[in-house]
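Reviewing the structure listed below.
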Amino acid sequence: MSAFGRKNGTSSSPGGSRPSFGVARPMKGNGTPPPSKSSQDKSSSGGDQFPPLPDDKDGSSNTAVPSGMQKGGDAMARLAERSNNVHEPQEQDGFEASVHKIKEQVLPRLLERVDPEAAATLTKDELSEEFRPIILEVLAELKVTLNRREQFALEKVLVDELLGFGPLEELLNDADVSDIMVNGPDQTYVEKGGKLQLAHIRFRDEQHLFQIAQRIVNQVGRRVDQTTPLADARLKDGSRVNVIVPPLSLRGTAISIRKFSEKPITLDMLEGFGSMDDKMCTALKIAGACRMNVVISGGTGSGKTTMLNALSKMIDPGERVLTIEDAAELRLQQPHWLPLETRPPNLEGQGAITIGDLVKNALRMRPDRIILGEIRGAECFDLLAAMNTGHDGSMCTLHANSPRECLGRMENMILMGDIKIPKEAISRQIAESVDLIVQVKRLRDGSRRTTNITEVIGMEGDVIVTQELFKFEYLDESDDGKIMGEFRSSGLRPYTLEKARQFGFDQAYLEACL
């Protein structure tokens, strides 16, 4: 068959010549052209050239629309729907709004009866027990009658307000929420399953939200106010927090929280989630165990830190590991692990300790591996120096969209510093230090995939030479919007096979890559 549905070498025209475009096409109703003599015995629905569509129950000859045109039409319909969409502000439902309203009346009277210092020494459960009779007294004074469900909800809201983070407590306790984004007191979004959705929580006003932001950053000895309107912090469970307040944020205080799973993520779990296949998982396990220098590259929220935590599971328990971060969020699964954290400058602009300072100091602490949460500047050169001076197996993450762009960003970050060395020397240092680049990406359906595993081979002239071991190839999209694709091995012999041989994993590594 040809691409146009006609057998090669046949023609319906009397002279046997091929008709021009547009002559042979399926018609609707009685407009079907009469069949040729050679096709008298074929059905009136069009014979072999235009058979009925599979979903045509009555055999009517509906026009067959190519799948490409259908997809194009669907895409245009989605664009039209998006351009005409009107976003309406969402209100709290009746129950939440009523509890919130009662809380505003009860809280001032409750604070008059409670000693804040004594309350701070109690746990949430103990405080709930102490509050219960006091809340009943206040409700009796206000002549408000609540059922049992409303009373429990009110107790929880009041305890969260006094000891926790107010409305954020509900979202922090939700295991399905991976990101919380507060855009002022009236709008909060959360990420569930890789998709953003509006959360049904509200803050009392800007002052209420600002107090909660201060409570978060004060827990780790940092501050946020109009003189220092930016702050990075962390919660007790290791979740990362960024706060920005007016006048930099025009809609009020903004809080961004990146939550981390309480259960440690492993490479096998990532394989189960569909982030990689079995061969990629094996190759990464061997890379972690054989002390290869790994750079994990990806965009915001693509899973770089999760991948780094999973890789750290393969580190030998007898090795001393140091992690260096701006806000400590790595949760390594090794017994001999020492986390280090930078310090911002004080009000006079003095006393700042940068990542570069900590990397230089870490070299004097007898580390086997140095792991950087994220490199953003000239500390990249210090890490490369560590990789080249006996600290094999060091790892880091950085923002880049592809392995080749990752190498370019590392060169640019070093050039941003005060180090006066030629670009060729920087490229050679990168080529000699880095073994693997692992590229992770969050796709548009919310799934996170390991899209590339690339080896850094060396230099050819002034260009860094790489070879791709694994790649994720996009194939199609399912009806429910899920991205379909497959992980493919390039079948190349890995250049890092010699490192794997030193640890006895050469055969397994070779089988995984071929």
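The values are calculated or read from the model by the stated rules, or taken from the named source; none is laboratory data. Nothing here was measured: the structure is a model prediction, and the numbers come from that model. Glycine also receives a Cβ, built like all others from the backbone with ideal geometry; neighbour counts cover every protein chain displayed.
Some notes on this structure:
- Taking the conditions (1) in contact (Cβ under 8 Å) with a residue 40 or more places away in the chain; (2) surrounded by 14 or more Cβ atoms within 10 Å (Cβ to Cβ); (3) of a type in the set (Val, Ile, Thr) in turn, Ile419 satisfies each one other than (2).
- Restricting attention to the stretch 166-214, the residues that are buried (at least 19 other Cβ atoms within 10 Å of the Cβ), closer than 14 Å to Leu235 by Cα and more than 19 Å from the chain's Cα centre (by Cα) total 4.
- Of Thr451, Thr466, all but one fail to be among the hydroxyl-bearing types (Ser, Thr, Tyr) and free of Cβ contacts under 8 Å to residues at least 24 places away in the same chain; the exception is Thr451.
- Being under 23 Å from Ile216 (Cβ atoms) and either among the basic types (Lys, Arg) or loosely packed, with under 14 Cβ neighbours inside 10 Å (or both) holds for only one residue in Glu104, Glu137, and it is Glu104.
- Number of the exception - Ser489 against (1) surrounded by 14 or more Cβ atoms within 10 Å (Cβ to Cβ); (2) more than 22 Å from Asp277 (Cα to Cα): (2)
- Residue in the stretch 133-146 that is among the basic types (Lys, Arg) and farther than 12 Å from Ile102 by Cα present: no
- Of all residues making up the stretch 212-238, the number that are in contact with a Phe, Trp or Tyr (Cβ under 8 Å, 6 or more places away or on another chain), modelled with pLDDT of 85 or more and not hydrophobic (A, V, I, L, M, F, W, C): 1
- Screening Ala175 against (1) closer than 24 Å to Asn242 by Cα; (2) in a helix (DSSP H, G or I) leaves a single unmet condition, (2).
- Between Ala310, Ala352, Ala327, the distinction of being within 28 Å of Thr451 (Cα to Cα), surrounded by fewer than 21 Cβ atoms within 10 Å (Cβ to Cβ) and among the small types (Gly, Ala, Ser) belongs to Ala327 only.
- Evaluation of Val224 against (1) buried (at least 19 other Cβ atoms within 10 Å of the Cβ); (2) within 30 Å of Leu110 (Cβ to Cβ); (3) within 26 Å of the chain's Cα centre (by Cα) (one fails), failing number: (3)
- Hey, Phe505 touching a Gly at 6+ places or on another chain (Cβ under 7 Å) and surrounded by 18 or more Cβ atoms within 10 Å (Cβ to Cβ) or not: no
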